Every structure is written in C-alpha cells, then in structure tokens.
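Here is the structure we will look at, set down as structure tokens.
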Amino acid sequence: MEKIKKLILDTVKDAVIEEKQILTVTVSWDKLHLLAKTLKDNAELPFDFLVMLTGVDRGETLGVNYLISSSTDISVEVILKTDAADRENPLIYTVTDLYETAHLNEREAFALLGIRFINNPDMRRFFLNSDWTGFPLRKDYDPNPELNPVSIESKEIIDITPRIMEVDGKLVEDTANIFEADDYIINIGPQHPSTHGVMHFRTALDGEIIKKIDVHSGYIHRGIEKLSENLTYPQILHFTDRLDYLSANINRHGLCMCVEKAGEIEVPERAQYIRVIMDELQRISSHLLAWAAMTNDLGATTAFIYGMREREHILEIFDKTCGGRLIINQNVIGGVMFDIYNEFQQDVKAFIPYMREKLKEYDRFFSHNVIALGRMIGIGNMTKEETISYAVTGPAGRASGWSCDIRKHQPYSIYGQVDFKEVIRTEGDSYARYLNRLDEIEESLHIIEQLIDNIPAGEICAKTKAIIKLPVGEFYQRIETAKGEFGVFIESRGEKQPWRLKFRSPSMALVSIMPLICKDEKLSDFIGIGGSMDYVIPDIDR
Amino acid sequence: MAQQVIFFILAIIIATFSILAVTSKQIIRSATYLLFVLLATAGLYLLLGYNYLFAVQIAVYAGGVMVLFIFAILLTNRPGENIKTELPVRRIAAGITVIGGLAFCAHIIYWNIKRVGELVSQADISPVKLGHTMLGTGKYEYLLPFEVISILLLACIVGAIMIARKR
Amino acid sequence: MELKNVKIKGIANEDFNDNEYLEDYIKQIEASGVNLVFGKLDELINWGRSNSLWPLIYATSCCGIEFMATAAAHNDFSRFGYEVTRNSPRQADMMIVCGTLVHKMAPLIKRVYDQMAEPKYVVVMGACAISGGPFINSYHVVPGIDTIIPVDVYVPGCPPRPESLLYGLMQLQRKVKLEKFLGNKQR
Amino acid sequence: MILNYSQPLELDGVSKALDTSLSALPDFWRILIECVLVGVVILTTYAVIALILIYAERKITAFFQARYGPNRVGKWGLLQSVADTIKILLKEIIRINNVDRFLFFAAPFFMVCASVMTFGAIAFGKGLLAVDFNIGVLYVTAVSSLGIIGVLLAGWSSNNKYSMIGAMRSGAQFVSYELSAGFALMTIVVLTGTMQFSEMIEKQQYCWNIFNGHISSMIAFVIYIISGHAETNRGPFDLPEAESELTAGYHTEYSGIQFGFYYLAEYLNMFIIAGIATTVFLGGYMPIQVHGWEGFNQVMNYIPSYVWFFSKTGVLIFLSLWVRWSFPRLRIDQLLALEWKYLLPINLVNIVVMVILVLTGLTLTDLFPSLF
C-alpha cells in the first residue's frame, strides 16, 4: 500500500490521500485520467478493474467516485475521487479508453446527474429519453410530473449521438452516427421473448451476421437510487430484492452488510448461517433459471421446463420459511426476519441428493447434445483482458479464466470457514459459461452440505435501534451474487436516510460486453450468447 | 363438356395473368402472376391427361424456378417499388418484339391446327418409356443430348460458385 | 332468458370471491334482454373464447418469472388452454403485463396493445403494474397501466403467486363467458 | 388371395356402392357429384386430423415435459382444439397499412392449397385414395413444393423485418431439403419400379420397402424423415419461426384465421410427411402379413386398413414430436451444412447402392423369394 501511495504522489503532487475504510485519493478533474492511467499501467499491481463508477451530487459540486481494484487480487481497493469544476456545465475526462466498462456507467452518470465526459465517443442519455427535462439524481431536481409527462406517442429512434471531444487541446462539441447509412437494422427488444427482460438491442445485420449492436436501456428504469434518498435504511431493503430478482436474497444481504458495517452492528452467528444457506439456495435457483432460459433460447423448450421443475423445490423451501417464493424478504439489518422452520434441515438435505441426480440428467439431456455443442462451443469468445476491461464478473468472468469470486478473495459472513472451489475455466466461450453455472450449482450444494447440520442455536437478529442512523462517511460493500459482483455504495451524512446510494449491477457489465462478443456472429448465436451471459434487466436499469 | 368448361376457365386464367404479369409495375407481383400462369398451364396438361408433364411443370417451373425467382427478387433491393416507365425508344422496340412474337406463335398455331386431332389422340407416355427414351442410345433416343445438357449445367454451377466466391 | 351462473369447471361459483364488477355486468345484461338463438350461439362462442385465451407476455420485471413458473411443470397453466403463448401480438388474445411500467416503455405498451387483434383482454399482474407499487413516487414510473390501456383483470401481489395468477385468469374466463358477440346491438 | 375375404369394417364398399348408384346419371353429373363429394370428404378429414393432431401434440408435449396438458375442456381436454377453432374463426383479421394486400392475403392460401393437394394423394386405406396418378411420388414432391411460395410471399408482403428474415431462412431451408426428400423417395422408386402409390403399397404386402432394400432403404428412410422434418419447419429445424429469435417468423403479422391457416398447415404437413413415409417405406395401409401364415394373416386382415395406416402414421408422428421436444434448434449454417455436406452426398451414393442392390438381386424379396 505504501508503494501505491508513493506512486500516486509521484504522479499527481497535489493529490489528497486519506486512509479510510479504503484508501481514498482526491484529485482535480483534469488530473484524474493521468492518475488512473498510471495506476492501471503499474506493472507490480495493475489497477485494471473498475468496480464502480459513481456520480455524486456533493451539494456545491458534482463529482465522481471511482472504486478501482486489481484483477490479480480483487481484494485490493483504491477510491479515486474527483469533482467537476463547474456545476452548470460539469465536465470530466473519460476513462473509457482505460476501462471499457466505464462507457455505460458514464452515460448513466450523464443521464442522471448531467456530468459530461470528454472524449467518450457516445454521450447519449443511457436510461432516460433524450428529451428528458432535468437530471433526477441532482438534489435540486424538480420532480413536477408536468415537466416530464407520460407520453404514449411512439418516438422515432435517432441514431445520432452528441459528444464532446478534445482536439488539439481544445474541446469540440460534435455529433456522430452510430450506424452507417445503409445498414439493415432490426430491433431486438424491448418487447422480445429472449432478451430476458426489456432490453433493446438495435442490431445492424449483414444477412444473418451481426455487424454492430447498439444497446438501449431504461425500459424498466424505476429510479430506485433516487427513491432511496428519501427512505430510511430498513425501508430501502426491499428495493434490493427487485433489482436482480433472481438473486434477491443475496442483494439484500449485501445492503444489510453495508449498513451493519457502517453502523457497527454485530450479526448473531445463527443469522449468518441462515443467511449463507439461503444465499446458496438462491444461487442454485438463479443458476437453474439461467440454465433453463439458456436452453430455451437455444430452442429446447423441454429443458426449460425441467429447469423450472427443479427450481420449484427450492421455492417451496423458501415458501415454508417465510411465505415468499421469488422474493423472500428474509434478511433485515442485524440478522434475519424469520427463523428456519422445524423440518428445514430435513427438506434441504432431501433436496441436495435430488438436485445432484438432476444435474446428471441435465448432462445427459443437454450438455452433450451434438446440436447444443455446436451452438455453444467457440461462440461468443471473451478473452481475459476483455473480461477485465469490461468488468465482467461472476460465472461469465470466471469462464474466461479470471478468478473473481468475492467469496474467495474477500470472504464475508462465514464464507471464510467453508470449503468450496472457485470454478474457473479458460475457454471463454458460451459453453464454458454454461458449464460454469452447472458446476457452481454443485459447489453451492457442497457449501450447504457443510453448514446445514451445524447451524448454531441463538438469536436470529441483533437488537438495533428503532431508527438506524449511520455515521458520516462513505461505505462500500461488495458481494458475490449469482450473476457476478454486486456492490453497494452508501454516502451518509449522519441522517437516517442515505445522501447517495448506488448499486453496482453485475448485469450491466454483462450487457456492455455483448456488442463486442456478438460482432460477426450469427443472429441465432446472439440469442444463445445472451442466454449464456444471463443478465437480468431490472438489475441494470435500477 | 366438363373438359371444355375447365379448359375455358384455365385459358382465361392464363390470358389474364399473362397480361397482368407483364403490365404490373412491381416485380414481385409480376412473379406471382407468372406463377399463376404456370400453374394454369400445368392444369392444361392435366386436362390432356399428361400426368407426367403436369407434375414436372409444377415441380420444375412452379416449385423450382419460381421459388428461386422470388427468392432472388427478395434478395434484391426494394422489390416492392414501382418500376419507372422506360424510354420511348425502348417501348417501341418492346412493341415490335411483342408483335414479332405474336406473329411467330400465330404461324405455329396455323400450321399445326390441322394436326391437333392426331396429337391429342396420343395417350400419356409412361414414365418407364420416357426414361428409356431419355437414356437410350438407339435411334430416336437421347442419351447424348441429355449428358451434354448435364455437363452444361455442371459448368454453370461451377461458374456460379466462382462468381460467388469472388465477392 | 335468464342467465345462468357462470360455470368454471372444477370450481364452484361460490368459491370466487365477491366480484362486484361481474355482478353489475350480469345485471346490465339481464336488463337489456337476450335473444334465445343468439344467446345460445353466444354461449358457444364464449365457451370457445374463454377456453382458448392465448397469452402475450409483456414481462418487464420480477412478475415475469412467476409467470414462467405458472407456465412450467409445477403449476402448468396449459391445463386451461392458455398454453399457446404467442410472441406476436397479432395472434394473442390477452396480454399479461408482468412488472413495472416506466415512462420510456409507455408508448411501446400502447403500441403492442394496438397491434393485438380483437377480442383482446389485458391481465395486469403485480402491484407495480396495477398502481406503480413500491415505486409509485418515482420520477420515471407510470402509476398504473390502466392510465394507458384498459385493463380487464388485476392480479395483486408482489409478485403474485402462480395460484393467484391462475385465479385471475379464471376471473377473466368468467368475464369472457358473459360477453355478447351476436346479441350486442352496438356491434 | 387373402385380401378377397370379406372385411366388414373396410370403407371401400361405400365408394363402390356410390359408384353403382350414380352410374345411371350422365357422365358430367356423375363426375361432378363424385368430385364434390370427394372434395368435401377430404377437406373434412383435413380439418378433423388437424384438430386431433393439435390436441395430440399438446398432450404428448405435456407428457415429455412432466405436465398435464389441456384437461379442462371436455373429458381430458378433448375439446381443447375445438375451442381454439371457434376462437380463431371469430378473431379479427387485421388490415395492415403499407403492405401489399393482394400478396398478403394470397400467401396463406398457397400454404393451405399445397398441403390439401398433397393430402389428397395419400392412401388412407384400401379404396380410400382420392388421386392415384401413375406418377404419385413425383406429384407429391411437386405439389408440396408450392407451400414454400406462401411462406416467401408472407415474409415479404408483411413488411416486417422479422418476417423477412424468417422467409429467407425458410426459402433456403426448403430448397435444400426438398432435394434430399426427393432423392430419398427416388431410392424407393428404384426399388419398387413404380411411382404409383397404390401399386407401391400392393407390392409391400409381405415385405415392407424399408426391409426389402435393407441397408439402402433404412438410410433413405432416415434421410426422408430428417428432411421431411426440415421441410415442414418443425423439430429442431424450426428456424423460420424461431420463437426465441424472430418472435413468430414469417407469420408474425398474421392474425385470426389467416394465422389459423398457417397453424393448420404446419400440423397437416407433419401428418403428410408421416403419411408418405408410411406409404412408401412402411407398407401404407397393408396389415402385417407373413407368407404362409394364413390364419395370422386373416386375423390381421380383420383390422381395417385405415386403422393400420393411421397407427403407423401415428408412430411416426410421435417420433417427430419426440425429436422436436428433445433437441435444441439448429443454426442456419449448421442446417445447410447438414444438408449439403452430409445428407445430399449420402443420398446420391445411396441411390447408386440401391441400383446395385436391385440389379444384382440382393433385395430381400430376391434373396428369399419363398419367405416374401
């Protein structure tokens, strides 16, 4: 860490370094790019993984926080902070040339906060319509619905992007066309059976081959981050379930941990055990659905039904525990809401061998099918460098040989005490991602097996105050969901509500790499690759 | 009588759709009208009792050539667009060609009209006999032309592949 | 002619909770009177329609997964003839809207609804689609789909369980069974 | 000899009785009445078979997928497809702007006409054969090739990009696989020496073609089933309407009864493929008969011929559904590679092998004339 500090100071002399929960560096807006580049090119410990890019309205100024980490050891973290000079016309240099994942995040920051990024080749608003009035995440946003009425008039899609570029030291505003003039463009989505939600891919085709994909999002943007700013912490919890609803419980675990860490609340051990078991069950159910949806995308409807059939057993266990099926409302700040029911252990233990048997059936039925192999092997290749640059985590990232499991590298809760293998493959194609999911189901079963008989007795929830107030500061929490790394950022100003709350959605990275890996593939493969990436759209749109 | 009624129906279909096929300004519609003409012609063969010819007409022209036609038209740019009327010179040339074609047809019909009786009286040729005629080497048997045509087609395929590969 | 109770196979009429809307509807129909022949034909038509409601899934978020669970092995809504999910709005009979509707999506749902062929019905699934749900205060959320398109059945829940979706679909069947196709004077 | 025994349940008596009762009428009226009657019967059978197939597919699919399938409308859901029919007949037909209306409305009729015409050539039982050309096999291949025009026109005239892509895929697929299907049938024509269905069936009394030409016939059978699948756009070959990619493919813009035509034709084409395969390879309506086992043959003969036909076809349809619901969908290049790189070369070699078998007398009937 000392070396890093020295490196930072060598590069930018007036950088302010603070030793907080994480090493925090504040620099001026024109030096940030230089510093990021130096840290990324640092041979010993390259900071080449941009975990989170968060735009913040700090009151007087608008700023951006970058949480960066190293791909070789993702537990090392540094926060870079910068502020735009002018609140009326906030400008910051882009880092898209260093971290590809910044592209969509910067567009998001532009849509929600109005910060424009110099040299970003595409500065359209990401979530909102291009004629949206105001920037919702600014504190002075006018929520008057008359400014932005609900329109039912269909709008033409304009494929021209404004941008701001630096040419010879001068800033020039210009526009660029996304597609070429005579491209044959089809819209895949927003209402399409296999975009796994309401994603909109504008796809330029050359016959059956994909020339270019342009991602449009925001068809389910609900403004969760803005809503959270007016709610107390326990009230925010239920929003996390509705982000990535397939990992609902895991997301909620992440937010609870962030609040517990900030408020220094000790979680009883029994609650920890229950949380982890529930998380792993949820992970299995998510992977099952991912498997089912992928097979369905490849045209095997029967396999889809089989995946849903097994999933129903997990939902039954959830149902018995707390009455919910998909969204279970189990975690609360300080522990869990419901204790496990009497036959819980018995049911889970019955499920484990059942699931193992079914995994074998899946292998027989689909994993070695000639057609299925032809549709998956060598399709949608991601190299390790691309994976890191686009910050693709989770089973998809691990299929490209990147060890990025937070449970291993930064063990939270009781993951440090259990024995499990991080499933890593190096092929980086659809088939590797597919197999990774099936193997992770096996690993999750293994984790549950170790815990299920050893749940300690005791409290299930720590005593918390009626109104939880967090101390002033910035708090980060990273957690491994079924799709990849989920992150929570809370900036607290000592109130019972957060000043700024941001979720890192793993699916956003998964979608952002789609245009790259689908290029020059067939249209059918695009659907198959989408299935193998397994993104959940409400997680992206928030 | 039934035969005559059907014949006239088919004749009217052929005549109408032939005219539509050449007058329509949209190429894909022209193709569809042509398809109707070909089908109705197949109907005429059936009426005459030439089952084999009927099936071949449908398989080769309606099912084969027309499908490729439509397929090719779809691959071109904007098949639904109206075609502009051509220059007067071309129209005159086209008119002369049409008149010439009509005269030629009329000539053939005139010279053959007396022989219609004996032609129709011939029964349907059985496929076996047809096969022997096609692949026989005797007098009035056509193995050599048949093979020559197959080599010609092979050359065409090779040429087409060459052109396609260049792109 | 007196209208009989609406029959749904396997479930007694009393098992459906009070449904004022349908009761009013029945009264309205009784008041206008029904021709005997047309009435019988209508019964046949409605029998056909109500047992063959092909859904178009407009799944925007979480409720879509519960819809899939309803379609899959455990709950299996093919039993009632809903099995043929059509992805093309032209061929669907009812649209099941599962999930939140936001500003950017509003024109599109209207468009999809307009693309559907008559007779068309809309089933709304989940709190968000009914009223905006937990996100009602948001700047980007439409407070209820009925502000944009007419809705036939509301299925509350967050997300609703498959059982309640099935219940809602049966309510729709009950409604369809009361419709007048031939006896309707306005037509 | 055995076929001359009285068979009370056969339906050919009906047609004979009709013939005799109409013989008093002048030719024109006799032909007209017979044509109309046959037409009505064929169309009714067409519709009824479609209804049964739709129901059967749903139930069988449900069986594969650990579900129940329709079970609320009528006993075991038997009336499900009737309800669907009523619904679809009364559904609105949408007039779409900016399409070529003439072609848009004509396209579904191509599809249905082609499949009805092919349907007419199937021998359902003894005497239940509407069209019996001496070139039956050629007729079937010719007429069934018309259906693709309906698909191409539908895709183009819908003015929808998804439809267009679906239609192009369909065109490429159909043109390719028609070759294989045709060649597979030709292989059997070489074996039997006739193209007439009735004659072909009579020749299979003791030895079905699939056994008669052993290796070569088996290969032809498998190829025919695969390419038949592909021609009907079903099974793993349903790219033209690949739901997960193209929403509904070439018929995306069709609603109401126009969509119903496509839906109907899809199921009927499946039946036709199975029916032709039965006729050509599995002895058609011939009961299982063994040379010399008079008693056994007699018992088998008591089962009416149409029952034999439908049960053999049913087995093939079940097979087709089994394949359809087990495999993922092929990609377009895999699909074309399968045809041009594997099926077609194998097929060409297979025909030569069959010719050699026939010329050298290596077919089963030639080898063991006493048994067959």
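What to note about this one:
- Relative contact order, whole percent, for the range D:80-180 stands at 28, derived from Cα pairs under 8 Å and 6 or more residues apart.
- The listed peptides D:218-226, A:249-257, D:89-97, A:327-335, ordered by packing as a protection proxy, come out as A:249-257, A:327-335, D:218-226, D:89-97 (highest mean of other Cβ atoms within 10 Å first).
- Listed by chain and number, the aspartates and glutamates whose C-alpha is less than 17 Å from the C-alpha of residue D:341, apart from same-chain residues fewer than 8 away, are D:178, D:333.
- 1.4 Å probe, heavy atoms, protein only - residues of the range D:166-188 losing at least 30 Å² accessible area vs chain alone: D:168, D:169, D:175
- In this structure, the amide hydrogen of residue A:93, modeled 1.01 Å from its nitrogen in the peptide plane, lies closer than 5 angstrom to those of A:118, counting only residues at least 5 positions away or on a different chain.
- For the range C:19-177, the antiparallel share of DSSP beta bridges with both residues in that region comes to about 5%.
- Each other residue within a Cβ distance under 15 Å of residue A:487 adds +1 if Lys or Arg and -1 if Asp or Glu, for a net charge of -1.
- Cα-Cα over 19 Å, subset of A:408/A:483; A:384/A:483; D:16/D:203: D:16/D:203
- The range A:498-542, relative contact order [Cα under 8 Å, separation at least 6], %: 57
- Only beta bridges with both residues in the protein assembly as shown are counted; by DSSP, about 75 percent of them are antiparallel.
- Sequence of B:139, B:129, A:81 when ordered by accessible area, the most exposed leading, probe 1.4 angstrom: B:139, B:129, A:81
- Members of the range C:74-117 that become less accessible by 50 Å² or more once partner protein chains are added (1.4 angstrom probe, chain alone as reference): C:74, C:79, C:83, C:86, C:87, C:90, C:91, C:103, C:104, C:105, C:107
- Residue-by-residue Karplus 3J(HN,Hα) for the range D:341-346, coefficients 6.51, -1.76, 1.60, Hz, glycine and proline x: 8, 10, 4, 5, x, 4
- The mean number of partner chain beta-carbon atoms within 10 angstrom of a residue's beta-carbon across peptide A:304-316 is 5.
- Accessible-area composition of the protein assembly as shown, carbon plus sulfur, in percent [1.4 Å probe]: 62
- Solvent exposure ordering (accessible area, 1.4 Å, most first) of A:439, C:24: C:24, A:439
- Interface residues of the range A:148-175, defined as those losing at least 50 Å² of solvent-accessible heavy-atom surface relative to the isolated chain (probe radius 1.4 Å), are listed as A:150, A:152, A:154.
- Across the cross-link table entries A:211/A:360; A:519/B:25; A:320/A:421; A:20/A:496; A:211/A:421; A:81/A:261, which are compared at the Cα atoms, the separations over 32 Å belong to A:211/A:360; A:519/B:25; A:211/A:421.
- Candidate residues D:333, A:539, A:97: accessible-area rank, largest first, probe 1.4 Å: A:97, D:333, A:539
- Shape of the range B:1-85 from the C-alpha gyration tensor: oblate (a/c of 1.5 or more and a/b not above b/c, with a ≥ b ≥ c the square roots of its eigenvalues).
- A protection proxy built from the mean count of other Cβ atoms within 10 Å ranks the segments A:488-501, D:112-125, most packed first, as D:112-125, A:488-501.
- Global form of chain B, assessed from the alpha-carbon gyration tensor, a/c cut-off 1.5: oblate
- Local electrostatic count, residue D:114, Cβ distance below 13 Å [Lys/Arg +1, Asp/Glu -1]: -3
- Under the combined filter of DSSP loop state and at most 11 neighbouring Cβ atoms within 10 Å, the range A:243-306 retains these GluC sites (Glu not before Pro): A:264, A:266.
- Summing both sides, the accessible surface hidden between B and D at a 1.4 Å probe radius is close to 2400 Å².
- Mean Cβ neighbour count within 10 Å, used as a protection proxy, ranking C:147-156, A:340-349 highest first: C:147-156, A:340-349
- Using a 1.4 angstrom probe on protein heavy atoms only, the contact between D and A buries about 2400 square angstrom of accessible area, both sides summed.
- Relative contact order of chain A: 16 percent, from C-alpha pairs under 8 Å at least 6 residues apart in sequence.
- Look at the stretch C:138-148: the mean tally of other chain Cβ atoms within 10 Å of its residues' Cβ atoms is 5.
- 19 Å Cα-Cα threshold exceeded, pairs from C:177/D:87; C:175/D:59; A:5/A:502; A:212/A:522: C:175/D:59; A:5/A:502
- Electrostatic dipole magnitude of the protein assembly as shown [Cβ: Lys, Arg +1; Asp, Glu -1; Cα centre; debye, to 20]: 2300
- Shielding by other protein chains, C:150-162, mean Cβ within 10 Å: 2
- Surface per residue (accessible, 1.4 Å probe) for the protein assembly as shown, Å²: 41
- Farthest toward positive dipole pole in chain A [+1 Lys/Arg, -1 Asp/Glu at C-beta], among A:80, A:262, A:191: A:262
- Using a 1.4 Å probe over protein heavy atoms, the accessible area lost on pairing C with A, summed over both chains, comes to approximately 3700 Å².
- Set of aspartates and glutamates with alpha-carbon distance to residue D:126 below 15 Å, sequence-local pairs under 8 removed: D:10, D:12, D:199, D:202
The values are calculated or read from the model by the stated rules, or taken from the named source; none is laboratory data. Everything quoted here is computed from the prediction, not taken from an experiment. Note: ideal-geometry Cβ built from the backbone for every residue, glycine included; neighbour counts use all protein chains shown. With ligands, DNA and RNA removed, areas are computed over all heavy atoms of the protein, side chains included. Shrake-Rupley method; radii C 1.70, N 1.55, O 1.52, S 1.80 Å.
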